Amino acid sequence: DEQNNNEITDTYGEIDPIYYQEFKDWRKTPTLDPLNSSFMERIYHEDIYPVFNFRNKDLTNAILRAIERNTLTVERIKGDAKNKFPRKCKLLEDSRPCIYRMRVDEGQWHLICSLSRERITSVCDLLCYLRYVKDGLVKSEAREVYWQIMQKRHSIARAKLGILNT
């Protein structure tokens with residue numbers, strides 16, 4: 001019974017038993033494929049797909065594939081004063097200050113605004129961390145890894161709501 005109580009609360013907060021069990025199952029044979037893991041399926045459906053609700057669907061799909069392949073480049077545009085004025089964000093298809101640019105693989109550069117950048121980088125951060133866990137580069141205890149993932153999911157939720165971490 002003491003074991004169950006320890007799994008309910010933690011120094012970070014209360015542990016959802018369904019999420020935590022999915023995580024523990026995933027950790028036994030980690031994969032980043034949402035079709036082969038209920039844990040990854042949940043992350044894609046609850047976090048990644050909703051935050052990637054951009055108007056430019058073709059580019060959005062290409063970005064997600066590039067993130068999965070680790071071939072996306074996002075960078076701040078330096079020294080171009082013209083980018084302080086509104087331009088069309090390639091993802092939102094709306095006029096906004098675009099101080100970032102990105103490219104998929106080695107393709108063309110696309111101007112993006114801070115909101116788009118924050119959404120993209122929050123997903124990159126989560127998937128990169130999950131890749132490190134999968135590859136055995138993260139040596140922390142299961143609970144610490146779980147809470148790191150929850151923090152990254154929290155960052156995605158904030159980005160989806162437009163709360164920028166700048």
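Within segment 118-129, residues that are more than 20 Å from Pro30 (Cβ to Cβ) reach partners that are open to solvent by less than 30 Å² (accessible area, probe 1.4 Å) and in a helix (DSSP H, G or I) with beta carbons closer than 7 Å, at six or more positions or on different chains, in the pairs Glu118/Ala159; Arg119/Val51; Arg119/Ala159; Ile120/Ile63; Ser122/Val51; Ser122/Ile156; Ser122/Ala159.
Here is a list: Lys78, Lys88. Which entry is without any contact (Cβ under 8 Å) to a residue 24 or more places away in the chain, over 18 Å from Tyr19 (Cα atoms) and touching a Ser or Thr at 6+ places or on another chain (Cβ under 8 Å)? Break it down into steps so the answer makes sense when it comes.
Values: Lys78 fails: touching a Ser or Thr at 6+ places or on another chain (Cβ under 8 Å).
Step by step, each of Lys78, Lys88 is checked, and only Lys88 is without any contact (Cβ under 8 Å) to a residue 24 or more places away in the chain, over 18 Å from Tyr19 (Cα atoms) and touching a Ser or Thr at 6+ places or on another chain (Cβ under 8 Å).
Among the residues of segment 10-40, write down those that are β-branched (Val, Ile, Thr) and touching a residue at least 12 places away in the same chain (Cβ under 8 Å).
First, pick out the residues of segment 10-40 that are β-branched (Val, Ile, Thr): 11, 15, 18, 29, 31.
Scanning segment 10-40 gives Ile15, Thr31.
Restricting Glu118, Glu144 to residues that are open to solvent by 40 Å² or more (accessible area, probe 1.4 Å), closer than 29 Å to Asn36 by Cα, acidic (Asp, Glu) and not in a loop (DSSP other than H, G, I, E, B) narrows the list to Glu144.
From the set of residues in segment 85-97 that are open to solvent by 60 Å² or more (accessible area, probe 1.4 Å) and either more than 13 Å from Asn56 (Cβ to Cβ) or not in a strand (DSSP E or B) (or both), which is modelled with the lowest pLDDT? Top of the filtered list is Phe85. Filter segment 147-166 down to residues that are surrounded by fewer than 15 Cβ atoms within 10 Å (Cβ to Cβ) and over 16 Å from Pro50 (Cβ atoms) and give me whichever is farthest from the chain's Cα centre (by Cα). Here the residue is Thr166. Screening Tyr100, Tyr44, Tyr49 for residues that are among the aromatic types (Phe, Trp, Tyr), open to solvent by 50 Å² or more (accessible area, probe 1.4 Å) and under 18 Å from the mean Cα position of the chain (by Cα) leaves exactly one candidate, Tyr49. Looking across segment 35-80, the residues that are more than 23 Å from Glu106 (Cα to Cα) and not hydrophobic (A, V, I, L, M, F, W, C) come down to Asn36, Ser37, Ser38, Glu41, Arg42, Tyr44, His45, Glu46, Asp47, Tyr49, Pro50, Asn53. Residues that are modelled with pLDDT of 95 or more, out of contact with any helix residue (DSSP H, G or I) (no Cβ under 7 Å at 6 or more places or on another chain) and among the hydroxyl-bearing types (Ser, Thr, Tyr) within segment 125-143 comprise just one, Tyr132. Residue count for segment 32-41 under the criterion of being open to solvent by 20 Å² or more (accessible area, probe 1.4 Å) and closer than 17 Å to Ile18 by Cβ: the result is 3.
Restricting attention to segment 147-166, the residues that are part of a helix (DSSP H, G or I), among the hydrophobic types (A, V, I, L, M, F, W, C) and over 17 Å from Trp26 (Cβ atoms) add up to 3.
Given the criteria open to solvent by less than 20 Å² (accessible area, probe 1.4 Å), part of a helix (DSSP H, G or I) and among the aromatic types (Phe, Trp, Tyr), does Tyr129 qualify? Spelling it out, it is not the case that Tyr129 is open to solvent by less than 20 Å² (accessible area, probe 1.4 Å), part of a helix (DSSP H, G or I) and among the aromatic types (Phe, Trp, Tyr).
The values are calculated or read from the model by the stated rules, or taken from the named source; none is laboratory data. Just so it is clear, the model here is predicted, and its values are computed rather than measured. Heads up, the Cβs are rebuilt from the backbone with ideal geometry, glycines too, and the neighbour counts pull from every protein chain shown. Heavy atoms of the whole protein, side chains included, go into the accessibility calculation; ligands, DNA and RNA do not. Shrake-Rupley method; radii C 1.70, N 1.55, O 1.52, S 1.80 Å.
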